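Heads up, the thing below is written out as structure tokens.
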There are 2 protein chains.
Amino acid sequence: MDPPINYCSSCGATVNLRVPMGDTLPRHVCNACGSIHYRNPRLVVGSLPEWEDKILLCRRAIEPRHGMWTLPAGFMENGETVAQAALRETREEANANIALGDMFTLISVPHINQVHVVYRATLIDLDFSAGDETLDVRLFTEEEIPWDEIAFRTIALTLRHYFDDRRSGIFRFHPGDLPLP
Amino acid sequence: MDPPINYCSSCGATVNLRVPMGDTLPRHVCNACGSIHYRNPRLVVGSLPEWEDKILLCRRAIEPRHGMWTLPAGFMENGETVAQAALRETREEANANIALGDMFTLISVPHINQVHVVYRATLIDLDFSAGDETLDVRLFTEEEIPWDEIAFRTIALTLRHYFDDRRSGIFRFHPGDLPLP
């Protein structure tokens, strides 16, 4: 959760919420230096690593959803590309070596100001292990997926698209939105 | 350009740049309340509106690239989906009524911490006009595109993909990155 904007990060003066000239939405504007402090949606980027008929999931060691299973993913950082973020997060969460495939899902989650992007990926070897934010990393066949313990709805949706596409023999790109919970 | 982070937006105290516990990158952390102030890439979202063999471009009334031509696009806002952002920006920049089509390009621009997304779209009517941040809105055939006056490299790349795909008869989704200038 982002800290509130009570003070200007540039000069330390107080801010007011108002519509800047030429803008259409209220923003936090500094009462002293006039700096405008925007807040915008964040990208959460990860991968769906395959090994034969199995896919890799991570069990979360952090909140939210501690103890539940997810794909390796996390916030995209400044200075990197979306693909680089997917590779980095997969390495950080699962110490996994992957070859990145096509972008697979891109799902807007407007009520939490996020956009979730997952790439298909292929594990290069079985030398993976839990990173600092992960309790366990395991490979699952479709039948083994712990559907009731998937941490996030975007991840469950991505997994459903994956197994549906695999059955159909054609992997497509799936952009979409998550409805309100 | 984002204002610098010299002070905590939550309590107004000074911040230091350091790696928070469990993190891997330096962040601005408040010396008093401990709030962590993250900065992440922003999404710029827009559309490529078609009318018969023409596409709609906007001439920019604002910096950067005042006077140059671009597709209607702008920063995605909190609380909206990527598709909603494309519709809103097209309405704001060009007062244009469109039916949104498929996501067409998604281009990382890491040196400015942005990801640019453009949807294909169809104009519903010819009742468009310049919005507040636009000098002019016009329809262009491929031969008329002012290639030397296109405001951004991601937009030029998107237009090239569009005309290439149109010639081939198959529109694909084009994810990619922009190399350093």
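List the distances, in nm to one decimal, from the label point of A:Asp127 to the label points of the same position in every other copy, shortest first, placing each label point 7 Å from Cα along the Cα-to-Cβ direction.
Computed spacing set for this position: 6.4 nm.
On a 0 to 90° scale, report how tilted helix B:82-94 is relative to the longest principal axis of chain B, with both axes built from alpha carbons and the result rounded to the nearest 10.
That works out to roughly 60 degrees.
Treat every Asp and Glu Cβ in the range A:1-104 as -1 and every Lys and Arg Cβ as +1, leave all other atoms uncharged, and give the resulting dipole magnitude about the Cα centre to the nearest 20 debye.
On the way: 10 positive and 12 negative charges, 98 e Å.
Here the size comes out at about 480 debye.
Using a probe of 1.4 angstrom, how much of the accessible area of the range B:42-177 is carbon and sulfur, in percent? Provide the component values of the computation, followed by the final result.
On the way: 2810 of 5960 Å².
Taking all protein chains in place, the range B:42-177 shows 47 percent carbon and sulfur surface.
Measure out, as a whole number of angstrom, how far apart the alpha-carbon centroids of the range B:33-102 and the range A:1-49 sit.
Their Cα centres are 19 Å away from one another.
What is the Å³ per residue value for the convex hull set by the Cα atoms of the range A:1-157?
Details: hull volume 21.5 nm³, N = 157.
Expressed per residue, the convex hull around the Cα atoms of the range A:1-157 is 137 Å³.
Considering only DSSP states other than H, G, I, E and B, which trypsin sites (Lys or Arg not before Pro) in the range A:35-117 qualify as loop sites with at most 15 other Cβ atoms within 10 Å?
A:Arg39, A:Arg65
So, in nm, how far is label A:Phe163 from label B:Asp136 when the simple model puts each one 7 Å beyond its Cα toward the Cβ?
5.7 nm
When the Kirkwood radius is taken over all Cα pairs of the protein assembly as shown, what Stokes-Einstein diffusion coefficient follows at 4 °C and 1.567 mPa s, in µm²/s?
59 µm²/s
How do B:Tyr162, A:Tyr38 stack up against each other in accessible area, from largest to smallest, with a 1.4 angstrom probe?
So the residues, ranked largest to smallest area, are A:Tyr38, B:Tyr162.
Which value results for Rg/Rh of the range A:64-181 when Rg is the Cα radius of gyration and Rh the Kirkwood radius based on the inverse mean 1/r?
0.93
For peptide B:1-10, what's the mean number of Cβ atoms from other chains within 10 Å of each residue's Cβ?
6
Can you pull the mean other chain C-beta count within 10 Å for peptide B:35-43?
Working: counts 3, 2, 3, 6, 2, 10, 13, 6, 7.
Shielding by partners across B:35-43 averages 6.
Which value, in Å², gives the accessible area per residue of the range B:42-177 when a 1.4 Å probe is used on the protein heavy atoms?
For the range B:42-177, the per-residue accessible area is 44 Å².
So if I place +1 on the C-beta of Lys and Arg and -1 on the C-beta of Asp and Glu, and nothing else carries charge, what would the dipole magnitude of chain A be about its Cα centre? I want it in debye, nearest 20.
800 debye
Put the label 7 Å from Cα along Cα→Cβ for B:Trp51; what are its distances to the other copies, in nanometres, shortest first?
5.6
The values are calculated or read from the model by the stated rules, or taken from the named source; none is laboratory data. Bear in mind that the values here come from a model prediction, so they are computed numbers and not experimental data. Every residue, glycine as well, gets a Cβ built from its backbone with ideal geometry; the counts of neighbours run over all protein chains shown. To get the accessible areas, we keep the full protein, side chains included, count just its heavy atoms, and leave off ligands, DNA and RNA. Shrake-Rupley method; radii C 1.70, N 1.55, O 1.52, S 1.80 Å.
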